Amino acid sequence: MSVKLYNIVYDDSHISQYERYDNSHIKTPAQKSYLFEYNPIVDIVDNYSIEEEYLGIFSYKFATKFLFNGKVITKDLLKYKLENSPGFDLYGLSSISSVKFFGFDFVEKEHPGFFDIFFPLCDDLGLSKEEPDFMINSNFFITKTEIYRSYVNDVIKPAINLLDGKYKEFAWRKCKYDGGSRDIMNLTGLPCYTFHAFILERLVAQYCKTKKLRIINLFN
């Protein structure tokens, strides 16, 4: 089982366990800074030669945001878990996988008005609007490389175009996010978070449900 893993970082202080992708040069709305990790994700899929069977592209927060049995998910632990769970299309990596804790009710509470744009966007993209019986947190997943390419080309790129076009007025509204960086202005050139990244990160679960992918969460 061959796996290619990247960590997206925004400055020299950010820790990377895997191949480092420096996104520190993206700082303005003109560069689409509001997309956060989705700029690197699209760039890697479009322009990097990935020969490995599986691909994962994580934010730098992966090393510290999620724990397994009270410990950081290290590179060696991740390798061990993957090797002992062969044959799946996609591997979720966070312990927050249940609908109970991270489902639609949670999203609407955290980001009021979210589904006013999310459901019409799913219709436009041909994705299921049913709540999945699993959840994938942010970009913390590993999937087959050809599936990652399909997800980016068939879902993420069209979604970005729709958020910058048809749904622009809504996508640019201030999005409530209690866990956000206090340094948002330096990261993006914007005074607040917009809806873009929060909507994009939710599309992978709808894509998996639509495509009926074989999924396992490694750290439940």
Over the range 159-178, the set of residues loosely packed, with under 15 Cβ neighbours inside 10 Å and under 19 Å from ASN39 (Cβ atoms) is ASN161, GLY165, LYS168
Does the range 138-158 contain at least one residue that is of a type in the set (A, V, I, L, M, F, W, C), without any contact (Cβ under 8 Å) to a residue 40 or more places away in the chain and under 26 Å from TRP172 (Cβ atoms)? no
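Any idea which of PHE140, PHE119, PHE134 is of a type in the set (A, V, I, L, M, F, W, C), closer than 19 Å to THR210 by Cβ and either under 16 Å from the mean Cα position of the chain (by Cα) or surrounded by 15 or more Cβ atoms within 10 Å (Cβ to Cβ) (or both)?
Working: PHE140 fails: closer than 19 Å to THR210 by Cβ; PHE119 fails: either under 16 Å from the mean Cα position of the chain (by Cα) or surrounded by 15 or more Cβ atoms within 10 Å (Cβ to Cβ) (or both).
Just a single option satisfies the conditions, and that option is PHE134.
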Can you tell me which of (1) at pLDDT below 85; (2) buried (at least 16 other Cβ atoms within 10 Å of the Cβ) is the one TYR207 doesn't meet? (1)
Give me the helices (runs of 4 or more DSSP H) completely within the range 1-91, filtered to those with at least 2 residues that are modelled with pLDDT of 85 or more and either more than 19 Å from the chain's Cα centre (by Cα) or of a type outside the set (S, T, N, Q) (or both), ordered by residue number. 38-47, 75-83
Within the range 43-64, can you find the residues that are crowded, with 18+ Cβ neighbours inside 10 Å and farther than 22 Å from ASP12 by Cα? VAL45, TYR54, LEU55
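Restricting to the range 194-209, name every residue that is of a type outside the set (S, T, N, Q) and farther than 13 Å from PHE114 by Cα.
If the condition is that a residue be of a type outside the set (S, T, N, Q) and farther than 13 Å from PHE114 by Cα, then VAL204, ALA205, TYR207, CYS208, LYS209 are the ones that fit.
The values are calculated or read from the model by the stated rules, or taken from the named source; none is laboratory data. Nothing here was measured: the structure is a model prediction, and the numbers come from that model. Every residue, glycine as well, gets a Cβ built from its backbone with ideal geometry; the counts of neighbours run over all protein chains shown.
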